[in-house]
Amino acid sequence: MENLEIEVKFYLSDMDSIRDRILELGAVSRERVFETNLRFDDADNHLIQKKSLLRLRQDTKTTLTFKSEPAFKDDQFKILRELEVEVSDFSTMKHILESLGFREEQVYEKWRETFILNHTNLCLDTMPYGDFLEIEGQKEDIKKLASQIGLKWKKRILLNYLAIFDVIRQKSNLPFYDVTFSNFINIRFDIAKYQDLLEVNRH
């Protein structure tokens, strides 16, 4: 059986009220953690051309993840094949990947608080460019929870965080590719004006 990641995102203009609503529904918070993610590719960028992702993540643990598109298409949810393994050492794994011919292409950071509700993950993510809710689980559970939280289904986002950043970077002529909080310290923009470009009703 394929390991499928099924999810949608929503841009949040008021994260606190959404967090309160998630808790009202009975979700349990794991904790809020800071993530550093490194995206790797080969010299010819074959992975990104195939819409695949090779990622090394450091939060409270270190995980290596490979994501790729499944054979089928789905315009309601973001669905990817996902293979993930925990490794013991971030630096050593980075050196292994580089020794195999992969190179670090992009860094992206976020703060993430994960909630669990009926086998569904709800992640409140603070990216350097804005706040989002990511709901991951089974299709029917995702759609039901989005409605219970009070989110409009047509406002869902199927892009990943790097693709969202790419839209912002191009529209705002940002001079950098790493999605770090330090890069955004002196950047002032309103992500809401790009919202229509991110939501699924535009794809």
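The values are calculated or read from the model by the stated rules, or taken from the named source; none is laboratory data. Keep in mind the model is a prediction, meaning the values are calculated, not measured. Glycine also receives a Cβ, built like all others from the backbone with ideal geometry; neighbour counts cover every protein chain displayed.
A residue that is within 20 Å of the chain's Cα centre (by Cα), buried (at least 17 other Cβ atoms within 10 Å of the Cβ) and either at pLDDT below 95 or of a type outside the set (S, T, N, Q) (or both) can be found somewhere in region 99-106. Inside region 116-146, residues that are over 25 Å from LEU56 (Cβ atoms) and in a strand (DSSP E or B) make up a count of 2. State yes or no: is ARG30 under 17 Å from LYS94 (Cα atoms) and either of a type outside the set (A, V, I, L, M) or in a loop (DSSP other than H, G, I, E, B) (or both)? Considered against the rule, which asks whether it is under 17 Å from LYS94 (Cα atoms) and either of a type outside the set (A, V, I, L, M) or in a loop (DSSP other than H, G, I, E, B) (or both), ARG30 comes out as no.
I'm checking my understanding of the structure. Among residues of region 163-194 that are touching a strand residue (DSSP E or B) at 6+ places or on another chain (Cβ under 6 Å) and part of a helix (DSSP H, G or I), which one is farthest from THR36 (Cα to Cα)? Filtering region 163-194 for residues that are touching a strand residue (DSSP E or B) at 6+ places or on another chain (Cβ under 6 Å) and part of a helix (DSSP H, G or I), the one farthest from THR36 (Cα to Cα) comes out as ILE191. One residue stands out in region 1-22 among those that are without any contact (Cβ under 8 Å) to a residue 60 or more places away in the chain and farther than 22 Å from ILE164 by Cβ: the one that is farthest from the chain's Cα centre (by Cα), namely MET1. For region 170-200, a residue qualifies if it is at pLDDT below 95 and within 24 Å of LYS67 (Cα to Cα), and the qualifying residues are LEU197, LEU198, GLU199, VAL200.
Scanning region 64-87 for residues that are outside any strand (DSSP E or B), of a type outside the set (Lys, Arg) and either without any contact (Cβ under 8 Å) to a residue 24 or more places away in the chain or under 13 Å from GLU136 (Cβ atoms) (or both) gives GLU69, ALA71, PHE72, ASP74, PHE77. Every listed requirement among (1) touching a residue at least 60 places away in the same chain (Cβ under 8 Å); (2) charged (D, E, K, R); (3) surrounded by 16 or more Cβ atoms within 10 Å (Cβ to Cβ) is met by ARG30 save one, (3).
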